[in-house]
Amino acid sequence: MGRPLDVLIVDDDPLITRALARVLRSQHTVRLAEDLGRALALLEERTPDVVLCDFCMGDLTAAGFLRTVRARWPGIRLVLHSASRAELWHELLDDGTIDRAVVKPASVPDLLASLHA
């Protein structure tokens, strides 16, 4: 399904990041960030094709992070991967901050499809 991508997974749950990496690494290059600061550092090192990001990161939401990424790296596809209620993050989809939202738990086909424009 599409060309291999460079994917940055941003999620504070190590079980989720490892599971996502295991699924995606067969087809894509994957880097992991378990906090938003590390995610920004990895973005500075190399610009990925896609950022796959959880919405709730500890006591914070990723809304500000995603808006920063959209402003500084407008060519990156931003996919929200969240178990949070849609009313909490739907504005990010409506205002174009994110390209797609996938609700946890997502099927592997849905997850893979979300990475491609």
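The values are calculated or read from the model by the stated rules, or taken from the named source; none is laboratory data. Every value quoted in this text rests on a predicted model; they were computed, and no experiment measured them. Using ideal geometry, Cβ is built from the backbone for each residue, glycine included, and neighbour counts are taken over all protein chains shown. Each accessible area value is taken on the protein alone, full model and side chains, heavy atoms only, with ligands, DNA and RNA left out. Shrake-Rupley method; radii C 1.70, N 1.55, O 1.52, S 1.80 Å.
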Subject >> Where the chain is the region considered: accessible area per residue in Å², 1.4 Å probe >> reply: 51
Subject >> Added length on full extension, which subtracts the Cα-Cα distance from 0.36 nm per residue, residue 29 to residue 110 >> reply: 27.3 nm
Original post:
Normalized C-alpha radius of gyration of the stretch 23-117, against 2.2 N^0.38 Å?
Top reply: 1.01
Subject >> Percent carbon-and-sulfur accessible area, the stretch 1-105, ignoring ligands, DNA and RNA, probe 1.4 Å >> reply: 53
Original post:
For the stretch 80-117 and the stretch 13-58, what is the separation of their C-alpha centers, rounded to whole Å?
Top reply: 15
Original post:
Between 108, 92, 37, whose Cα lies farthest towards the positive end of the dipole of the chain when Lys and Arg beta carbons carry +1 and Asp and Glu beta carbons carry -1, centred on the Cα centre?
Top reply: 108
Original post:
Taking amide H positions as placed 1.01 Å from N in the peptide plane, with prolines and chain starts having none, which residues 5 or more places from residue 102, or on another chain, fall under 5 Å of its amide H?
Top reply: 80, 81, 82
